[in-house]
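See structure below.
A short reminder: the numbers here are calculations on the coordinates, not readings from a lab. In this text the structure is predicted, and so the values were computed from the model without any measurement. Because the Cβ atoms are built from the backbone with ideal geometry, glycine has one as well, and the counts that use them run over all protein chains shown.
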Amino acid sequence: DKPVLSPSLFSKKIFPHLNQGRPVFFILIDNLRFDQWKMIASELAGIYRVIEEDIYFSILPTATQYSRNSIFSGLMPSAIAAILPELWVEDDEEEGKNNFEEELFRYQLTRKGLRPKWSYNKIISNQDGRKVNDRIRQLLDNDLNILIYNFVDMLSHARTEIGLIRDLANDEKAYRSLTRSWFVHSPLYELLTTLTSQQVKIIFSTDHGTIRVQNPVKVVGDRRTSSNLRYKMGRNLDYNPRQVFELKYPEKAGLPKTNITSKYIFALNKDYLVYQNNFNYYAGYYKDTFQHGGISMQEILLPVALLEPVS
């Protein structure tokens with residue numbers, strides 16, 4: 001069998017569970033590593049049993065704009081840009097890159113001839129989470145409820161920008177502990193506790209992982225080159241090809257390009273890409289931060305798990 005990639009996640013892991021008399025809650029926690037998932041799973045062990053736990057593979061770049069849009073559309077990014085250009089925002093544009101997930105998912109359902117009763121919910125604060133919990137009776141009437149929780153991704157970015165958070169999550173073990181602390185005190189945990197009394201299916205997954213970076217790699221780009229530290233896309237890139245994975249022909253990997261000569265480069269392992277301007281400052285500032293977008297097992301190999309209440 002082919003491995004499950006971002007575009008086939010719904011088809012392979014979620015759609016088969018619809019129309020079985022139980023509402024499905026698909027919980028996507030943005031930027032969740034497999035080790036963080038295992039921490040969450042251990043907290044649910046007394047009230048949920050894991051029916052199936054698997055690994056699926058994020059597409060490149062391992063960044064929300066690409067991986068999550070691919071999940072919801074069921075398409076590779078180049079296909080989204082070609083078929084639904086109004087729903088694709090290029091790397092060098094200022095507009096939000098994930099504002100059209102609901103529309104992309106609606107397109108996937110139409111394309112596949114599926115007509116479930118469904119809801120889409122994006123939770124970026126505890127207040128959002130409590131509002132979802134207040135609608136639990138309504139959600140139980142749906143065949144499928146999509147719930148996206150952005151806390152772990154926000155934690156990753158806050159760790160880079162806020163010294164106190166960096167001190168609290170100074171390595172992988174501390175990062176897992178902080179994730180666990182968030183989870184057990186979150187509206188998501190309250191929701192899952194409430195749902196134990198219902199006949200439901202819970203599917204946990206994520207869009208990409210993250211890695212703690214250690215080794216700066218010098219690159220040169222122009223004003224329109226993407227700003228991500230684990231990948232760059234542009235037409236005027238200068239770099240050492242032995243230090244990166246390069247995609248000279250993005251279309252062969254299902255990726256769009258903003259210019260006919262645009263290409264992608266990806267950081268490997270624990271490397272991160274830093275422009276030569278103020279190199280030493282930025283190399284020091286971003287060292288030991290958690291980043292995503294590149295190529296590592298932590299970013300690409302992702303959990304997808306089916307759970308059911310114990311009772």
Exposure-ranked with fewest Cβ neighbours within 10 Å first, F57, F279 stand as F279, F57
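Could you order peptides 290-302, 223-235 by the average number of other Cβ atoms within 10 Å of their residues, highest first? If you can, show how the numbers build up before the last one.
Numbers: 290-302: 22.6, 223-235: 19.9.
My ranking of the peptides, most packed first, is 290-302, 223-235.
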So what J values fall out for the stretch 190-199 if you push phi through Karplus, 6.51 cos²θ - 1.76 cosθ + 1.60 with θ = phi - 60°, rounded to Hz, Gly and Pro as x? 4, 4, 5, 5, 5, 6, 5, 8, 10, 8
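Can you check what the net charge comes to around L307, using other residues whose Cβ is under 11 Å from the Cβ of L307 (Lys, Arg +1; Asp, Glu -1)?
Details: positive: R49, K201; negative: E52, E53, E308.
Computed value for this residue: -1.
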Starting at the first residue of the stretch 138-150, write each ³J(HN,Hα) from the Karplus equation 6.51 cos²θ - 1.76 cosθ + 1.60 with θ = phi - 60°, in whole Hz, x for Gly and Pro. 5, 5, 5, 7, 8, 6, 9, 10, 9, 10, 9, 10, 9
Amide H contacts of Y56 (H built 1.01 Å from N, under 5 Å, at least 5 apart or other chain): L302, V304
Measure nothing fancy, just the Cα-based angle from helix 34-44's long axis to the longest principal axis of the chain, in degrees from 0 to 90, nearest 10. 20 degrees
Packing-wise, with mean Cβ within 10 Å as the measure, how do 125-134, 266-275 rank, highest first? 266-275, 125-134
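Given the Cα-Cα distance of D141 and Q243 and 0.36 nm per residue of separation, how much length would full extension add, in nm?
On the way: separation 102, 0.36 × 102 = 36.72 nm, distance 5.20 nm.
Stretched out fully, the D141 to Q243 stretch lengthens by 31.5 nm.
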Phi-based couplings in Hz for the stretch 212-219 (Karplus 6.51, -1.76, 1.60; Gly and Pro marked x): 7, 8, 10, 10, x, 10, 7, 9
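Quick one: net charge of P241's neighbours, Cβ under 14 Å, K/R +1, D/E -1?
On the way: positive: K218, K232, R242, K248, K263; negative: D238, E246, D271.
Here the charged neighbours net out to +2.
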As an exercise, take the mean of 1/r over every pair of distinct alpha carbons in the chain, invert it, and state the Kirkwood radius in angstroms. 20.2 Å
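Between E53 and A283, what's the calculated FRET efficiency when r is the beta-carbon distance and R0 is 35 Å? Round to 0.05. Walk me through the numbers on the way to the answer.
Details: r = 38 Å, r/R0 = 1.08.
Plugging the Cβ-Cβ distance into 1/(1 + (r/R0)^6) gives 0.40.
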When each of K12/K112; K2/K232; K12/K122 is checked by Cα-Cα distance, pairs over 21 Å: K2/K232; K12/K122
Ellipticity estimate at 222 nm from DSSP helix runs (n ≥ 4, -39,500 (n - 2.57)) divided over the chain, nearest 500: -9500 deg cm²/dmol
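I need the per residue convex hull volume for the stretch 212-290, using only the alpha carbons, in cubic angstrom as a whole number. Could the numbers behind the result be given before it?
On the way: hull volume 7.0 nm³, N = 79.
Spelled out: Cα convex hull of the stretch 212-290, divided by residues, is 89 Å³.
Would you kindly state how much longer the chain becomes between N259 and D222 on full extension, computed as 0.36 nm times their sequence separation minus their alpha carbon distance, in nm to one decimal? Don't skip to the end; give the middle numbers.
Working: separation 37, 0.36 × 37 = 13.32 nm, distance 1.30 nm.
Full-extension gain reported as 12.0 nm.
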Separation between Cα centres of the stretch 208-235 and the stretch 293-311, rounded to whole Å: 24 Å
Along Cα→Cβ, 7 Å out, is where each label goes; now give me the distance between the ones at D134 and Y275 in nm to one decimal. 4.4 nm
Find how much the distance from E172 to K112 grows on full extension, using 0.36 nm per residue of separation minus their present alpha carbon separation; answer in nm with one decimal. 17.6 nm
Arrange the following residues from fewest to most other Cβ atoms within 10 Å of their Cβ: Y285, Y56, Y264. Y285, Y56, Y264
